[in-house]
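Everything below concerns the one structure shown next.
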Amino acid sequence: MVRYKAELSHGEVEFTAETLEALAAEVREFRRALLRAEAEGSDRLAWAEHVKAPEEGARPSR
């Protein structure tokens, strides 16, 4: 398994290609939900209803 390392402002993070692909899928899903909510005339906070909650044990994104 190939591991990548990135240096961020708060430190280093290691990840695999599979992790990166999963993150990209989540970003695509988030973007689709946001665009759909905006197209429906929802306000900027309404998109949160369309985004699924992280799986149990998942690390928060922020």
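Would you please put 23-32, 5-14 in order of how densely packed they are, using the mean number of other Cβ atoms within 10 angstrom per residue and starting with the highest? Write down the numbers at each step before the final one.
Details: 23-32: 12.0, 5-14: 7.8.
Listed from highest to lowest mean packing, they are 23-32, 5-14.
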- Item | Note, ³J(HN,Hα) from phi for region 17-34, Karplus 6.51, -1.76, 1.60, rounded to Hz, x at Gly and Pro | 4, 5, 5, 5, 5, 5, 5, 4, 5, 5, 5, 4, 5, 4, 5, 4, 5, 5
- For the pair residue 12 and residue 26, how long in nm is the line joining their label points, each one 7 Å along Cα→Cβ? 2.2 nm
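Taken together, the values in this text are just the output of simple stated rules run on the coordinates, not laboratory data. Everything numeric in this text was worked out from a predicted model, so none of it was measured. Note that we place each Cβ from the backbone using ideal geometry, even for glycine, and neighbour counts take in every protein chain shown.
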